[in-house]
Amino acid sequence: MNPSLKLLLVLLLSLEISFTQKLVVNLLLIAVGLGLVIATRPGLLTLLRLLVVPAIPAATLSITIGLFTPGHDWFFAAVLASRVYVYVLLGSAVTLSTPPLRLARSLEQNAHLPAKFAYGTLAAINLLPRIVTAVKTIKAAGQMRGVTLSFWSPRLYFKAILSAITWSEQLAQAMESHGFVENQPRTVAQPIPLSKIDWLRFVGSFGLAQVVLIAFP
Amino acid sequence: MSTRYHLKDIILLALIGIIFGVIYYAGDFIYNGFSILLTPVGLGPMANDLTMGLWCMAGPMAAMLLRRPGAAFLGEFLGAAGEMFLGGQWGAANLISGFVQGVATELGFAVTRYKHYDWLGLASSTFFATLITFGWDWFRNGYAHFSLGLNLILLVARFISMFVFCGVLVKLIANLLERAHVIKPA
Amino acid sequence: MTDPITIQNVIFSYQAHQPVLQLADLTIPRGSFTLLYGPSGSGKSTLLRLLAGLLPKYGGHLNAQAAINLAPQETAMLFQDPSLQFALDTPQHEAEFALENLQVHRHQMRHRIRDAFATVGISDLADRQFATLSGGEKQRAALAVVIAMHRPVILLDEPFASLDAKNRALLLAQLQAQVAAGKTVIIADHDLANYQAVQPQIIRFDRAHQATQLPEAAAQALLTAAAQPIALPTQAARTWPAAIVGRKLVLERPHQRLLDQANCQIPANKITLLTGESGSGKSTLLKCLAKLVPYQGELTLQGRSLQKYRPRQWGRQVGLVFQHAADQFLNVTMAEELALSQAQGRHPYFTPANLTAAIDLLGLTGLADRVVYSLSGGQQKKLQLLVMLMMGQPVLLLDEPFAGLDAASAQAVRQLITACQAVQPATIIVVSHQLAGLAGWVDCHLHLSHQQLQDLAEVRS
């Protein structure tokens with residue numbers, strides 16, 4: 001499916017289940033999500049992480065609801081726990097099946113998002129290794145002056161923001177040097193199709209979800 | 001909004017969101033720690049409330065740095081968009097929380113008419129962020145099912161977290177940036 | 001097209017009355033290989049950015065009378081930091097992004113990119129993630145993008161800073177080929193060591209922020225001198241007791257081995273100079289000793305493995321004076337930086353009286369309330385060295401401590417370090433490409449090349 005539509009669909013479904021309490025629907029969506037995730041052939045580690053990491057918030061919520069609320073409503077506890085897994089699996093189904101660039105191109109071409117937002121965010125994403133090194137360097141600079149910097153230290157954020165300002169200017173200059181001009185038309189290297197079939201699939205999937213939502217308790 | 005934001009501002013906003021995420025993750029899964037400690041005594045959801053302030057810092061920080069409408073929202077939302085592909089496990093669900101938190105932190109600066117990039121703006125942002133994210137969890141995370149007492153405790157925990165991180169810590173960082181002439185004095 | 005590039009009446013400044021570049025009249029012929037040469041902070045990088053149209057757009061002020069007959073659309077730039085010049089994740093995607101910006105139709109895009117990548121010899125890297133490429137491969141990818149863009153003027157800002165010898169030679173050869181094909185190549189660099197084979201015309205920038213074109217003979221003499229390896233009179237490291245010992249030490253960057261050394265040692269409480277071509281891995285070796293990058297093999301300090309130290313303890317043992325001074329600072333004003341080092345520092349030399357004298361010696365008197373990030377490059381460097389010396393770690397690693405300093409300042413820094421050593425000696429490693437004034441001050445001289453550390457005192461004898 002077209003990446004923009006896929007993202008929209010998942011966002012709509014995630015929103016919808018936030019406001020409904022249908023265990024069967026959640027379980028069905030989990031099954032679909034898991035199927036889609038597995039279809040992208042993720043590594044075993046990725047798959048394990050997807051299944052294990054949500055377990056903590058899911059367990060936290062359901063144990064609290066089941067044991068510590070006046071109603072001891074274990075059904076709702078199960079709804080909440082399954083909801084966490086729906087978010088994670090549907091969300092990952094999008095990110096695992098769509099490289100960031102393809103989504104950015106789709107948002108630029110199909111959703112007419114200004115290019116500076118699409119590529120500005122991509123540029124920042126691609127800087128992640130640099131960010132991790134910089135945070136490490138700031139902490140080391142602290143250690144060498146007898147200061148331990150942690151997530152509550154203003155100086156850690158202060159230094160990181162100073163770096164971010166330098167990087168953002170440097171990257172913007174580099175992109176400009178590669179011909180980028182804000183609000184100027186661009187051609188596309190890879191057209192992202194948005195066909196009638198995409199729309200049909202989108203409307204079909206969303207419609208099916210509504211039917212299931214109404215049909216099941 | 002798009003004319004007021006140049007390429008370098010957009011990169012900076014996304015970077016701030018991602019950097020705050022990196023520092024948060026480097027802080028060793030505080031959420032999980034709290035959660036395991038608090039769940040056996042029935043206060044499990046408080047882990048979410050206690051760490052909420054950390055999640056929402058990028059918004060007010062971006063507003064204090066760029067001082068224009070939309071900065072808080074974009075800082076929070078672009079950061080979430082970045083984390084969608086980097087952080088991994090929450091995937092596109094990140095976008096929804098990013099959107100809610102972005103709106104929540106932005107609102108505080110909007111009601112002060114984008115004129116208070118100071119204590120007042122931050123306090124207002126903290127207040128709205130607490131209420132709106134709490135309202136969101138009321139539906140999404142089943143807070144409606146908790147007792148009134150628990151809800152009050154959670155609300156207070158969330159407000160404290162927001163106040164400490166989005167209020168005090170952001171103000172301290174902004175003070176440093178101001179003194180370094182990176183941002184103009186309020 | 002054939003008119004030379006002329007730059008006239010340029011005065012550029014960031015702060016009023018403090019010009020960072022002043023050029024009355026400068027001519028750069030089209031189709032030439034031109035080198036802007038001078039110490040850091042002399043304005044050569046500023047000129048490149050003016051030519052690229054990035055300044056004054058990204059800050060600063062250009063006087064109204066300035067005239068440069070080069071359109072920014074004719075230029076494309078390679079930046080000093082190889083990883084801060086790409087918005088996308090792979091060379092192929094970056095090239096597509098650039099050609100989309102130029103509104104090239106996608107049918108032409110494919111072969112333009114293919115040709116450019118083949119020209120630079122990076123066809124096999126087209127779809128690799130930038131994060132997995134070495135600095136040299138990234139710079140070649142950047143060049144390929146610029147070639148695909150068909151820009152007639154290629155600007156390069158210290159492009160060799162993190163390149164190994166092989167990639168540097170490749171990049172230089174490709175640039176020469178571009179000049180032969182009619183393009184204009186302009187490089188800013190502070191180090192002439194790489195350029196003898198290219199015979200560029202040299203425009204020299206001085207500390208007064210002015211530039212003069214060197215006559216051919218003078219340029220030739222400079223290039224020849226830079227190509228000579230210099231060995232300082234030193235003593236072999238192994239004649240002293242060792243502080244740091246490495247065995248089977250291996251150091252790597254992505255797809256590039258920097259060091260593969262069976263045995264090496266750094267003498268205790270002496271000053272060891274570490275040299276090597278740019279990109280050979282000197283900075284990485286220092287970072288490895290500071291435990292900022294991983295290594296394989298065995299590394300010990302005073303007989304105890306580095307692995308056994310916790311980060312906090314290690315910070316008390318080893319101080320790294322970063323190449324980029326601002327990375328060292330944790331506060332806002334100079335007074336705060338000094339106060340932190342006074343509170344946390346342990347070097348006995350820095351009594352209040354000696355500290356005041358040191359501040360005076362370094363020419364930092366009266367700057368206490370200044371924001372450290374707004375100090376000049378030289379002042380930042382000197383303050384950085386001072387606050388790290390005050391910490392008094394037993395091991396001090398200095399990465400290009402003299403870069404951007406004039407001769408007198410560099411001398412003052414050495415004098416201060418000598419005075420500190422007399423009171424409480426530390427094991428010091430200095431990485432420097434500037435050797436002036438170091439004879440007699442350093443005790444040992446190690447040279448890193450071809451993944452080996454050579455003791456030059458032993459090579460000589």
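Where a number appears in this text, it was derived from the coordinates with a stated rule and is not lab data. What you see is a predicted model; the values in this text were computed from it and never measured. Using ideal geometry, Cβ is built from the backbone for each residue, glycine included, and neighbour counts are taken over all protein chains shown.
Considering only A:Gln109, A:Gln170, A:Gln21, give the residue with the highest GNM mean-square fluctuation for chain A, with springs between Cα atoms whenever their separation is below 10 Å.
A:Gln170
Where the convex hull is taken over the Cα atoms of chain B, what is its projected area averaged over directions, in nm²?
10.5
Can you give the convex hull volume of the alpha carbon atoms of the protein assembly as shown per residue, in Å³?
Taking the convex hull of the Cα positions in the protein assembly as shown, it is 172 Å³ per residue.
For a label point 7 angstrom out from the Cα of C:Val198 toward its Cβ, which stretches of segment C:267-304 have the backbone nitrogen within less than 19 Å?
C:277-280
State the percent of C-alpha pairs, over all pairs in chain A, separated by a distance greater than 26 angstrom.
Result for the distance tail: 56 percent.
With Cβ to Cβ distances under 13 Å as the rule, what net charge do the other residues near C:Phe130 carry (K, R +1; D, E -1)?
That sum, taken over residues with Cβ under 13 Å, equals -1.
Using the crude model of +1 on Lys and Arg Cβ and -1 on Asp and Glu Cβ, and no other charge, please compute the dipole size for the protein assembly as shown relative to its Cα centre, in debye to 20.
Computed charge dipole of the protein assembly as shown: roughly 920 debye.
As a quick test, which of the pairs B:Lys8/C:Lys291; A:Lys159/B:Lys171; C:Lys270/C:Lys381; B:Lys115/B:Lys184; C:Lys308/C:Lys381 have an alpha carbon distance above 24 angstrom in this structure?
Pairs exceeding the cut-off: B:Lys8/C:Lys291; C:Lys308/C:Lys381.
Compute the angle between helix C:165-180 and the longest alpha-carbon principal axis of chain C, please, reported from 0 to 90 degrees and rounded to the nearest 10.
Approximately 30 degrees, to the nearest 10.
Once the Cα atoms of helix B:71-86 and of chain B are each reduced to a long axis, what angle between those two axes, in degrees from 0 to 90 to the nearest 10, is obtained?
Computed tilt is about 60 degrees.
List the residues, sorted by chain then number, that are 5 or more residues from C:Gln256 or on another chain and whose placed amide H is less than 5 Å from its amide H.
For C:Gln256, no residues qualify.
If you take the alpha carbon radius of gyration of segment C:5-226 and divide it by 2.2 N^0.38 Å, what ratio comes out, to two decimals?
It is 1.01.
In vacuo Debye scattering of segment C:97-233, one point per C-alpha: log10 I(q)/I(0) at q = 0.16, 0.17, 0.19 Å⁻¹?
-0.92, -1.00, -1.17
Can you tell me the alpha carbon radius of gyration of segment A:155-207 divided by the globular rule-of-thumb value 2.2 N^0.38 Å?
2.02
Could you estimate the translational diffusion coefficient of segment C:369-461 from the Stokes-Einstein equation, with Rh from the Kirkwood formula over C-alpha pairs, at 20 °C and 1.002 mPa s, in whole µm²/s?
Using the Kirkwood radius from Cα pairs, D works out to 146 µm²/s.
Test of understanding: express the Cα radius of gyration of segment A:115-177 as a ratio to 2.2 N^0.38 Å, with N the residue count.
Cα-based Rg divided by the globular estimate yields 1.30.
Quick check on segment C:206-364: take the gyration tensor over C-alpha atoms, sort the square-rooted eigenvalues as a ≥ b ≥ c, and tell me if it's rounded (a/c under 1.5), prolate or oblate.
oblate
Using modelled backbone amide H atoms (1.01 Å from N, in-plane), which distant-in-sequence or interchain residues come within less than 5 Å of B:Gly44's amide H?
B:Thr39
Sort A:Leu162, B:Leu74 by Cβ crowding within 10 Å, fewest neighbours at the top.
Arranged by neighbour count, lowest to highest, A:Leu162, B:Leu74 become A:Leu162, B:Leu74.
Round to the nearest 10 and give me the degree value, 0 to 90, for the angle of helix C:377-391's Cα axis relative to the longest principal axis of chain C.
Once rounded, one gets 30 degrees.
Per-residue HN-Hα couplings for segment C:153-159, Karplus 6.51 cos²θ - 1.76 cosθ + 1.60 at θ = phi - 60°, whole Hz, x for Gly and Pro?
10, 9, 9, 10, 9, 6, x
For segment A:1-64, state the average projected area of the convex hull of the C-alpha atoms over all orientations, rounded to one decimal in nm².
With every direction weighted equally, the projected area is 5.2 nm².
Given contacts defined as C-alpha pairs under 8 Å and at least six residues apart, what's the relative contact order of chain A, whole-number percent?
31
So which residue, out of B:Gly21, B:Gly33, B:Gly75, gets the largest mean-square fluctuation from a GNM of chain B using Cα contacts under 10 Å as springs?
Top of the fluctuation ranking is B:Gly33.
Scanning chain A for helices, which whole DSSP H stretches are 30 Å or more long along the axis (Cα) and average 1.0 or more by Kyte-Doolittle?
A:74-97
If the reach is capped at under 20 angstrom between alpha carbons, list the lysines near C:Lys138, excluding any in the same chain fewer than eight residues apart.
C:Lys166, C:Lys282
Provide Rg and Dmax in Å for segment C:234-459, with only Cα atoms included in the calculation.
According to the Cα coordinates of segment C:234-459, Rg and Dmax are 17.1, 51 Å.
Using θ = phi - 60° and the Karplus curve 6.51 cos²θ - 1.76 cosθ + 1.60, what whole-Hz ³J(HN,Hα) does each residue of segment C:291-308 get, with Gly and Pro shown as x?
6, 9, 10, x, 9, 10, x, 10, 9, 10, 10, 6, x, 10, 5, 4, 4, 7
Cβ under 14 Å from A:Lys136's Cβ, A:Lys136 left aside: what net charge do those residues give with Lys, Arg +1 and Asp, Glu -1?
Local net charge: +4.
For chain C, what does -39500 (n - 2.57) per DSSP helix run (n ≥ 4), summed and divided by total residues, give at 222 nm, in deg cm²/dmol to the nearest 500?
-10000 deg cm²/dmol
Would you mind telling me which residue in A:Leu149, A:Leu13, A:Leu171 has the biggest mean-square fluctuation in a Gaussian network model of chain A, where springs connect alpha carbons within a distance under 10 angstrom?
In this elastic network of chain A, the residue with the biggest mean-square fluctuation among A:Leu149, A:Leu13, A:Leu171 is A:Leu149.
Hey, what's the per residue convex hull volume over the C-alpha atoms of chain C, in cubic angstrom?
Considering the Cα atoms of chain C, their hull volume per residue is 153 Å³.
By the scheme Lys and Arg +1, Asp and Glu -1, what is the net charge of all other residues having a beta-carbon under 12 Å from that of C:Gly31?
Neighbour charge sum, excluding C:Gly31 itself: +1.
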